[in-house]
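The values are calculated or read from the model by the stated rules, or taken from the named source; none is laboratory data. On a predicted model such as this, the values are computed, not experimentally measured, just so you know. Backbone-built Cβ (ideal geometry, glycine too); neighbour counts: all protein chains shown.
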Amino acid sequence: MRFLFKTNYRQDVRLFKHNGQRFWYSLLLAGVLLAPLLMDEFYLGELALVYIYAIAGIGLMLLVGYTGLVSLGHAAFLAIGAYSHTWFLAHGWPFPLALLKASLITALVGAIVGLPAMRMTGIYLAIATLAFAVIVEQVIVHWESVTGGFRGMLVPQAQFLGLDLSGSTAFYFLCLFILLICLLLALNILRSPTGRAMTAVRDSEISAQSMGIHLARTKSIAFAISAGFTGLAGGLLAHKMGYLAPDAFTILISIQLLLMVVVGGLGSLHGVIYGAIFIGLLPQGIALMRDYLPPAVSQIPGLEPGIFGFIMILFLIYEPLGIYGRWLKIRQYFELFPLYRKSTHKRQKSYLRTERMR
Amino acid sequence: MKGVLFSARNLNLSFGGVRAVRDVSFDIGRGEVYSIIGPNGAGKTTILNLISRLYDVEGDGRMTFDGEEITRIAAHDIARRGIARTFQNTELFEHETVLKNLLIGRHIHRKSNLLTELLFTPAVARQEIEFRKVVEDVIDLLDLQHYRNQVIGSLPYGVRKMVEVARALCIQPKMLLLDEPSSGLNPEETEDVAFWIEDINEDFGATVVMVEHDMNLVSTTSNRVMAMADGAVLAIGEPAEIQSHPEVHRAYLGD
């Protein structure tokens, strides 16, 4: 077991708590930086997609995992990001500015969507955000002068300072770079008062209020930040898709994003990454698996969503804390070996909060 | 008594047909330990909820705190005025560590904004360190050093109650509202409660208002006691007076 001897309050504010973390994260960074040397174009593209999912996942995690607000409308934020980024590119804005503006516009829309969220929680909020996603889809279909309607919209090549960013290696590094920035921003939010206010709202609205936290403002900010990250992912996704059409951003995408944060592990940024790897690579895994299955099984329509759903159910029943939660338990097992007991993480019912005031 | 810190006039509140609070008026002096007692359903907790603006006062009822009217301000502004509170069954942020819970108590003192926090500028880092120093003082006062990095969900009930008080103290309030600080605690822990209420009152300089059933605790700590029954005030006075008050006896024991 590792015991940290803390001698300075700054140690609790730092990003890396000890040298071990610094070492492993550097190793991981070296690994992903060297990946283009080791992988062929196809897998590099898949990995870039994983990064894009992770960026959107950070946004959704801040909302669902840290603020406790469920959204089934994140495909809409993805769409708004993708369309506005493409629109800005097509109108001659340089790539970074177009991406930034797309993200800010999505954040603004997010803040507005967040306003009714003050009064709604749980399933009602999920339905409201779902309705919002449907509205956005309709707007995209009918606002032809901007979005091209059903004809769609061609995404211009990503270029910056004469540098072509559309090649698979360049695009890979672009996605990686933006993911790292997003992770840093999210970590910063989480270690400062706004992040704490978000978790406070999640755990107990009533005492958050009594601690001087403005509920409506906090929720609206959470929605805005979440939408901003998702819009950024949308902008990158536009390049990945090459051609935007309204049917690319359906409710299935929203559900997949939600699945990602739940399977990864709610309430941790590690979970986002695990979830993104899971969501990004599972379709490939299923495709590979098809080759080894008897045709009667592998040709069943809807095999993929079926497996997705099945895995979701398994996680909800056996590991609600997701992949990251499972990893923490495994790590604790080795740290405490041989003292670990099976009952260490046994789920307990608590009868304390009977007279909760809502 | 050095002047009046908080005063309530004609507080009324009904839930449907139940009149939970009827024409309650009282003053709390600066630096006092003020207890509210009464049988179940007397409206004690409702009074605290009215003060912390979780419920709206009906009719012409008024509350002033530190010379300012607070009858209609938003619930999240109450902390900023200097009123902190705890809850009867603890309302902590369950999935966070003790330290983070206490840091939330510093929220109203934040000077950073969203942009500086996204970038985590040196000013934000310095602010975090300053917050931490205040939090550590409170941890020292209430002896919570052991639990600093433990998640609330894993703590025993008695410690949670202490953490909740600590979180309220991190606001550095002028007035602290305690809702049954000794409920669910064993006799030994209850004795400790008496000690730290004294500490908070004397060292921290906070006025303490508590709803409490343990008469022993009430009489050892309080300067004054308000007895309530069925939403109305029965009597206000020193602990010994209240304990021998015939109306109070009737409320508890019946005729």
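Does A:LEU293 fit the bill of being away from every other protein chain (no Cβ under 12 Å), of a type in the set (A, V, I, L, M), part of a helix (DSSP H, G or I) and more than 23 Å from A:MET61 (Cβ to Cβ)? No; evaluated as a whole, the condition is false for this residue.
Results for (1) surrounded by 16 or more Cβ atoms within 10 Å (Cβ to Cβ); (2) in contact with a strand residue (DSSP E or B) (Cβ under 7 Å, 6 or more places away or on another chain), shown as yes or no for each residue.
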| site | (1), (2) |
| --- | --- |
| B:ARG160 | yes, no |
| B:GLU191 | no, no |
| B:PHE195 | no, no |
| B:ALA227 | yes, yes |
| B:ILE236 | yes, yes |
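Can you list the helices (runs of 4 or more DSSP H) lying wholly within segment B:23-136 that have 1 or more residues being within 19 Å of the chain's Cα centre (by Cα), surrounded by fewer than 17 Cβ atoms within 10 Å (Cβ to Cβ) and facing chain A (nearest Cβ under 9 Å)?
B:75-81
Within segment A:140-152, residues that are assigned to a loop (DSSP other than H, G, I, E, B) sit with their Cβ atoms under 8 Å from residues that are modelled with pLDDT of 80 or more, at 6+ positions apart or across chains, in these pairs: A:GLY148/A:LEU244; A:GLY152/A:TYR243; A:GLY152/A:LEU244; A:GLY152/A:ALA245; A:GLY152/A:PRO246.
Residue pairs whose Cβ atoms lie under 6 Å apart, separated by 6 or more positions or on different chains, with the first residue in segment B:35-51 and over 19 Å from B:SER222 (Cα atoms) and the second of a type in the set (Gly, Ala, Ser), are B:ALA42/B:ALA229; B:GLY43/B:ALA20; B:GLY43/B:GLY231; B:THR46/B:ALA20. Please verify whether A:GLN209 is out of contact with any Gly (no Cβ under 9 Å at 6 or more places or on another chain) and more than 28 Å from A:LEU258 (Cβ to Cβ), treating the condition exactly as stated. Here the answer is no, as A:GLN209 does not meet what is asked.
Restricting attention to segment A:1-29 and to residues that are within 14 Å of another protein chain (Cβ to nearest Cβ) and of a type in the set (Ser, Thr, Tyr), the residue that is nearest to A:LEU180 (Cα to Cα) turns out to be A:TYR9. Considering (1) within 10 Å of another protein chain (Cβ to nearest Cβ); (2) among the polar types (S, T, N, Q); (3) exposed (fewer than 15 other Cβ atoms within 10 Å of the Cβ), the lone condition that B:GLN145 does not fulfil carries the number (1). Selection of first residues in segment B:105-119 that are among the small types (Gly, Ala, Ser) and of second residues that are part of a helix (DSSP H, G or I), restricted to Cβ pairs under 6 Å at least 6 apart or on distinct chains, gives the following pairs, ordered by first then second residue: B:GLY105/B:ARG167; B:GLY105/B:CYS170; B:SER112/B:VAL124; B:SER112/B:GLN127. Count of segment A:54-96 residues, restricted to those that are crowded, with 23+ Cβ neighbours inside 10 Å and in a helix (DSSP H, G or I), is 27. Which members of segment A:286-343 meet the condition of being of a type in the set (A, V, I, L, M, F, W, C), surrounded by 13 or more Cβ atoms within 10 Å (Cβ to Cβ) and over 19 Å from A:GLY267 (Cα atoms)? Of everything in segment A:286-343, those that are of a type in the set (A, V, I, L, M, F, W, C), surrounded by 13 or more Cβ atoms within 10 Å (Cβ to Cβ) and over 19 Å from A:GLY267 (Cα atoms) turn out to be A:ILE286, A:MET289, A:LEU293, A:LEU303, A:ILE307, A:PHE308, A:ILE311. Of all the listed residues (B:ALA75, B:ALA84, B:ALA123), the sole one being among the small types (Gly, Ala, Ser) and closer than 20 Å to B:MET162 by Cα is B:ALA84. Here are the criteria: (1) closer than 19 Å to A:ALA245 by Cα; (2) at pLDDT 80 or above. Tell me which single one A:GLY149 does not satisfy. Just one mismatch for A:GLY149, condition (2). Among the residues of segment B:137-147, what is the count of those that are assigned to a loop (DSSP other than H, G, I, E, B) and at pLDDT 90 or above? Of the residues in that region, 1 qualify. Look at A:THR7 and say whether it is modelled with pLDDT under 90 and among the hydroxyl-bearing types (Ser, Thr, Tyr). For A:THR7, the condition - modelled with pLDDT under 90 and among the hydroxyl-bearing types (Ser, Thr, Tyr) - is met. On the stretch given as segment B:175-208, residues that are within 14 Å of chain A (Cβ to nearest Cβ) and modelled with pLDDT of 90 or more total 6. Please verify whether B:VAL135 is within 23 Å of B:ALA206 (Cβ to Cβ), touching a Leu at 6+ places or on another chain (Cβ under 6 Å), hydrophobic (A, V, I, L, M, F, W, C) and not assigned by TED's automatic domain parsing to the domain that holds B:ASN216, treating the condition exactly as stated. When the stated conditions are applied, B:VAL135 passes them. Would you confirm whether or not segment A:171-186 contains a residue that is part of a helix (DSSP H, G or I) and at the interface with chain B (Cβ under 7 Å from one of its Cβ atoms)? Scanning segment A:171-186 turns up at least one residue that is part of a helix (DSSP H, G or I) and at the interface with chain B (Cβ under 7 Å from one of its Cβ atoms).
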